[in-house]
Amino acid sequence: DRAAAALARAKQHAHRRGDSALQCNCRDLQAMALTVQGRPTEALALLADNDQPPGSQRHPRDQAQTALRRAHAHNLLGQRDDGLRALYAALAAARRSNDGSLTAQALAALGGQHADLHHLDEAERLCAQAAALADSHGAEQTWALATLNRLNALVNLGRGAEGLADVQRLQQAEPRLNQRARAHRLIVYADVLQQAGQRAQAQALLDDSLRLQQQGARHPLSWTTCQVKLWTDQGRWAEARQLAQDWLAQPDHGDD
C-alpha cells in the first residue's frame, strides 16, 4: 500500500511537469507491481507505451530497466524467446549507458535465462563476466545474483566443485543478502558441496533450507534432486526412490 501511494504521487508529479521520460519510469514501476501481483499480460501492455516517442529520449539506463521488466513479464508467461530478446535489448542499452553495475545486472539476468534454457556453457560464460564486472564496481547484490546463476550452470555441467570458493564467499555475505531467498541459496550451496564430495556439509545446508521453506509448501525440484543425489551417494536407494516418486506424484511441485 505504501509503494502504491508513493507511485501515485510520482505519477502526479511527472504529469504536472509534463516529463514524459519520468512518466515512462513510472510505468516501469507499475509494471513491476503488476508482475508481482501475477498480472504479466497487463504489465506488457503498459510497457508497450514506453516504446513510443519520447522513448528514444530516455537515458539508456532507463531503457535497460524497461527491457528487464519486459523480459520478466514474458518469462512469467512462458514466452522464453521474447524474454531472451528483451534481455539482449537490456544488455545493449546498459552498455550504451556506460553503467558497469547495470551492465553486470543485465549480463547476470541473461546468463540466468540461458541456464534455464540449458545453454549451460553460454550461461557460465555470461555469468562469469557479470560477476567480475559487478565485483569491480562494488555491486555486491548483482555479484551474488551472477555468482548464483553461474553456480547453477556449473552444477548442471558437472563442474560444481569449481564453485567452492564462491560458495564460501556467498556464505560470508549471507547477512547482507535477501533473506526471503535464503532457502533457495542454501540448496545451490548444497549442490556444489555434493559435487565436491562434502556430503555432510551439503546435508546440513539442505536441512537448514527445509526448515526455512514455508510450512506445508511443496519441496522445490532443486531441493528434491539434491537430496536424492546425497542419498544415492550413501546407497540409500529406497529412500531416494520414494522421495522422487512422492515428488512426481504431487500435482503442484512448488516454486523453484
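The values are calculated or read from the model by the stated rules, or taken from the named source; none is laboratory data. Treat the numbers as computed from the prediction; the structure is a model and nothing was measured. A quick note on method: Cβ atoms are made from the backbone with ideal geometry, for glycine too, and the neighbour counts reach across all protein chains shown. With ligands, DNA and RNA removed, areas are computed over all heavy atoms of the protein, side chains included. Shrake-Rupley method; radii C 1.70, N 1.55, O 1.52, S 1.80 Å.
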Only residues that are without any contact (Cβ under 8 Å) to a residue 24 or more places away in the chain and open to solvent by 50 Å² or more (accessible area, probe 1.4 Å): list them for region 139-151, please. none
Filter the helices (runs of 4 or more DSSP H) completely within region 155-222 down to those with at least 1 residues that are open to solvent by 80 Å² or more (accessible area, probe 1.4 Å). 164-173, 199-212
Which pairs turn up if I take residues in region 102-123 that are open to solvent by less than 10 Å² (accessible area, probe 1.4 Å) and look for partners that are of a type outside the set (D, E, K, R) and at pLDDT below 95 with beta carbon separation below 7 Å, at least 6 apart in sequence or on another chain? ALA123/ALA115
For ALA130, state whether it is surrounded by fewer than 18 Cβ atoms within 10 Å (Cβ to Cβ) and assigned to a helix (DSSP H, G or I). no
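Could you list, in sequence order, the residues of region 165-212 that are in contact with a Ser or Thr (Cβ under 6 Å, 6 or more places away or on another chain) and not β-branched (Val, Ile, Thr)?
Residues satisfying the conditions are ASP166, ALA183, LEU186.
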How many residues are closer than 20 Å to ALA89 by Cβ, assigned to a loop (DSSP other than H, G, I, E, B) and of a type in the set (S, T, N, Q) if we restrict to region 11-57? 1
All but one of (1) touching a Pro at 6+ places or on another chain (Cβ under 6 Å); (2) open to solvent by less than 10 Å² (accessible area, probe 1.4 Å); (3) in contact (Cβ under 8 Å) with a residue 40 or more places away in the chain; (4) not polar (S, T, N, Q) hold for LEU76; state the number of the condition that does not hold. (2)
Within region 107-125, tally of residues that are farther than 14 Å from TRP143 by Cβ and assigned to a helix (DSSP H, G or I): 11
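Table: residues versus (1) modelled with pLDDT under 95; (2) farther than 27 Å from VAL155 by Cβ.
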| residue | (1), (2) |
| --- | --- |
| ALA6 | no, yes |
| ALA43 | no, yes |
| GLY55 | yes, yes |
| LEU84 | no, no |
| ARG95 | no, yes |
| LEU110 | no, no |
| HIS114 | no, no |
